[in-house]
Ligand SMILES: *Cc1c(COP(=O)(O)O)cnc(C)c1O
């Protein structure tokens, strides 16, 4: 067996962290009741209630697209609409699943400088029309951190939820990298969610070191009515639920979720600090989570590929580097050195 050198093209390139793996193994003892009626599922749900210091409703889905889509569908009737940033994963990367699972609730896209929604943008979209011919705004969804690694502060979330309450809108948070936001803000999960006015959170496990799985947390329990049926109908009710739930127990019980995210964020900062001042290299966004977006000439990007680095350029043409729970700091240094070499070589050639 050969293992490839570590790449930072996606945080989903990483494997499973030891804590999640050990919990899976522990769950693999004998038989247990199916469909979530087992000890592991109850323990995982309770671990979320403890972590968030509130009696929320907790569900487990296989992936983020399903978690987001079903959560939004639960908040909407088909004639409702969902306000999101133009850069939001629900808009750009879920193949219309939110509209599909909600039977047609329309996403209303707000333009924003950095992918973050503002109270002003929400208000502008939500009040642009109020006639019967336009789908009625019902939900605002924000990504924490955003797709390009910007983190909403507690005050920013509170300002958004205040507008939501005023306009009769629910607030959903896509937290595919929620752990990274908590690590970045150094705040309790409760502070950035329900205490700041978030109604529903999709908490990502996959990008935090699990094999698979996202948790959907309803802080307003009434909104979770029949959500179990919705999950089942959508093919998201795991029959052997203990294996979807157990890794969460491993992640939450000793803080692996936060350590993993803090490490990933640290590796992003490590790269950013080494390349920020290089000629011909520009950081496209402030580095606040586990991603670094690098604007460079085609020649520099080609040189990096020549040197064996893999990365995506689907956001604004720059190179995206994402760091996972197991990112190797020595490999991060190698990447920084190669970016330095590529930028110097092309600067000399020019
Ligand atoms: C990765 C990601 C998701 C979930 O994607 P799946 O591939 O469906 O698990 C959702 N939102 C954001 C912002 C993501 O980065």
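No value in this document is a laboratory result; all are computed from the given coordinates. Source: prediction; values computed, not measured. Every residue, glycine as well, gets a Cβ built from its backbone with ideal geometry; the counts of neighbours run over all protein chains shown.
Ranked highest first by the average count of other Cβ atoms within 10 Å around their residues, in what order do 111-117, 223-229, 172-178 fall? Walk me through the intermediate numbers first.
Details: 111-117: 16.4, 223-229: 14.3, 172-178: 28.6.
Output ranking for 111-117, 223-229, 172-178: 172-178, 111-117, 223-229.
For segment 18-252, give me the percentage of DSSP beta bridges that are antiparallel, rounded to the nearest 5 percent.
In segment 18-252, approximately 35 percent of DSSP beta bridges are antiparallel ones.
Hey, what number do you get for the chain at 222 nm if only DSSP H runs of n ≥ 4 count, each worth -39500 (n - 2.57), divided across all residues, to the nearest 500?
So the helix-based figure for the chain works out to -12500 deg cm²/dmol.
Please arrange 217, 107 by counting, for each residue, the other beta carbons lying within 10 Å of its beta carbon, fewest first.
Ascending number of Cβ neighbours within 10 Å: 107, 217.
Tell me, how many Å apart are the Cα centres for segment 18-72 and for segment 273-292?
Between the Cα centres of segment 18-72 and segment 273-292 lies a distance of 36 Å.
Please compute the modelled spin-label separation between residue 128 and residue 254, points set 7 Å along Cα→Cβ, answer in nm with one decimal.
Result for the modelled spin labels: 5.0 nm.
Could you tell me whether the chain comes out rounded, prolate or oblate from its Cα gyration tensor? Rule is a ≥ b ≥ c as square roots of the eigenvalues, rounded for a/c under 1.5, then prolate if a/b exceeds b/c, otherwise oblate.
Working: a/c = 2.01, a/b = 1.25, b/c = 1.61.
Since a/c reaches 1.5 but b/c is at least a/b, the shape of the chain is classed as oblate.
In square nanometres, what is one fourth of the surface area of the convex hull spanned by the alpha carbons of segment 1-77?
Mean orientational projected area (segment 1-77, Cα hull): 8.7 nm².
Between residue 165 and residue 337, what is the spin-label point distance in nm, taking each point 7 Å from the Cα along the Cα→C-beta axis?
5.4
Could you give the length gained on full extension between residue 223 and residue 54, defined as 0.36 nm per residue of separation minus the Cα-Cα distance, in nm? Mind dumping the intermediate values first?
Values: separation 169, 0.36 × 169 = 60.84 nm, distance 1.52 nm.
Length difference between fully extended and current span is 59.3 nm.
When the Kirkwood radius is taken over all Cα pairs of segment 256-349, what Stokes-Einstein diffusion coefficient follows at 10 °C and 1.306 mPa s, in µm²/s? Each step should come with its number before you reach the end.
Details: Rh = 13.3 Å.
Answer from the Stokes-Einstein relation: 119 µm²/s.
Provide the descending list of Cα extents for segment 194-350 along its principal axes, expressed in whole angstroms.
Largest to smallest, the principal-axis extents are 63, 32, 30 Å.
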